[in-house]
1. Once you put a point 7 Å from the Cα of residue 346 and another 7 Å from the Cα of residue 191, both along the Cβ direction, what distance in nm separates them?
2. For the stretch 215-387, state the semi-axes of the equivalent ellipsoid (square roots of 5 times the eigenvalues of the alpha-carbon gyration tensor), sorted largest first and rounded to whole angstrom.
3. For residue 100 and residue 138, calculate 0.36 nm times their separation in residues minus their Cα-Cα distance, and state this gained length in nm to one decimal.
4. For Cα pairs less than 8 Å apart in space and 6+ apart in sequence, what is the mean separation divided by the residue count of the stretch 1-51, i.e. the relative contact order in percent?
5. Would you pull out the residues with amide H under 5 Å of residue 71's amide H, same chain only if 5 or more places away, H placed 1.01 Å from N?
6. Largest first, please: the extent of the C-alpha atoms of the stretch 4-204 along each principal axis, to the nearest Å.
7. With the crude spin-label approximation of a point 7 Å out along Cα→Cβ, what separation in nm comes out for residue 110 versus residue 163?
8. What pairs from 227/250; 227/274; 227/262; 70/95; 95/116; 51/116 go past 22 Å between their alpha carbons?
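Since every read-out is calculated from the coordinates, none of them should be taken as a lab result. This structure is a prediction, so every number in the text was calculated from the model and none was measured. Cβ placement follows ideal geometry from the backbone for every residue including glycine, while neighbour counts extend to all protein chains displayed.
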Amino acid sequence: MSFAALGLAPDLVRAVAEHGYTTPTPIQTQAIPLVLAGKDVLAGAQTGTGKTAGFTLPMLQRLHGGPRRKLRALVLTPTRELAAQVEESVRTYGKHLPLRSAVVFGGVGINPQIEKLRQGADILVATPGRLLDLAGQKAVDLSSIEILVLDEADRMLDMGFIHDLRRILALLPKRRQNLLFSATYSDDIKKLAEQFLHNPEYVEVARRNTAAETVQQQVYAVDQKRKRELLSYLIGSNDWRQVLVFTRTKHGANRLAEQLGKDGLTSAAIHGNKSQGARTRALADFKSGAVRVLVATDIAARGIDIDQLPHVVNFELPNVPEDYVHRIGRTGRAGAEGHAISLVCADERDYLKSIERLIRRTLSQTQLPGFEPGTASNAPAEDEERRRAPRPRSGNAPRRHDGTRDGAGAGRRPDGNRGRSGQPRAANGNARGPAKSGEVNGNRAPQAPRGRARRNP
Ligand code: AMP
């Protein structure tokens, strides 16, 4: 099945292809023809299924060719992050069409939004509260809306937006097309659907992104400045062979890939500043195993589709919680076992809480002995810091080994010792891996990575 076969216009098909998508997802295959036919749709689909393109593409097509610069489509979302993301999709998929979009949400100044609306837009993406503020100030005219989309309607109800929704519905023309997307079918959603959908078509997709439930997720509490060292240790000591690592910034991705290379781990970075050629090459090397660690930003990773990717690491937590779900959805696909770890420093606690709220579960947290927050590294680059830092407690914690010359290398435990076999031993003395994280181990015994750059420059 192709996008063109779903009835989408060439300009939309082209935009989708340029974005790197070749095949529609199941929700797109089901929803796009229905929306194009002007039906009301009740869709059971959660984040990660491709639902955004599922309503954005046909919506753009239906608006194309009609009157311009009048608000004709309204997309309501529960959060500002989702609003921004949806509007970005509208711009991406609509880039070859002359339609204009605007996005409004609370928490930022209202005046630039009023100005933007004054310039005229065809599509408005909004969170309910700010939209009502704008309507109250007569800064937005909703009387010509033809298509209404409620995205993540269940979350909107969870967040208490039902009254706002009713007030917004009252401002819209009676005759319009309505699309409701929701991850769950609670009684409240059914009631909402009955109230405002007309003879809806139902579509539902199997949850592609059940990652939040099926992927093994582990949080390591660690200081920011020791994350790289811990990462190298985890990869090396567990002998992870294919690891996708997420950073928040392009610069951070570059730097991390470079540092991991120095630890003897073949690494490449992909992000928006890299040419398409460089990205394709890095991805091919990663898939073939020539590159062991791929460091990516969220945007760059969107096009990555690797079956059975075993390990995903959040080097930094995303500030948009939905991105966490996207990230970990890269592992554990198609029933394969997936494993996602997050290295979380004190500054990221709030991000962690938002993520746990979104996925509705508390992630298990651990501290790797020798890498506990507040303990110092014995990596050579941080010699000075180490001298000033307190020494770790004895017991299970690894002894510090001040004589080491390259203590931070991949697979090297924090004390710099490699154990009798010459293999790195886990910090808990268990040759299979670090304390409290038996689930992160593969079946093979940990091995030192090949080609340690520090020793063999
Ligand atoms: P969504 O469920 O809309 O949040 O989308 C989930 C992810 O899938 C996003 O990163 C989209 O960019 C991506 N995506 C959407 N449609 C497709 C497609 N047809 N092929 C590959 N990826 C897609």
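1. In this crude label model, residue 346 to residue 191 measures out at 4.6 nm.
2. Semi-axes (√(5λ), whole Å): 23, 21, 15.
3. Between residue 100 and residue 138, full extension yields an extra 11.7 nm.
4. 36 percent
5. 121
6. 44, 40, 29
7. 1.7 nm
8. Flagged as over cut-off: 227/274; 51/116.
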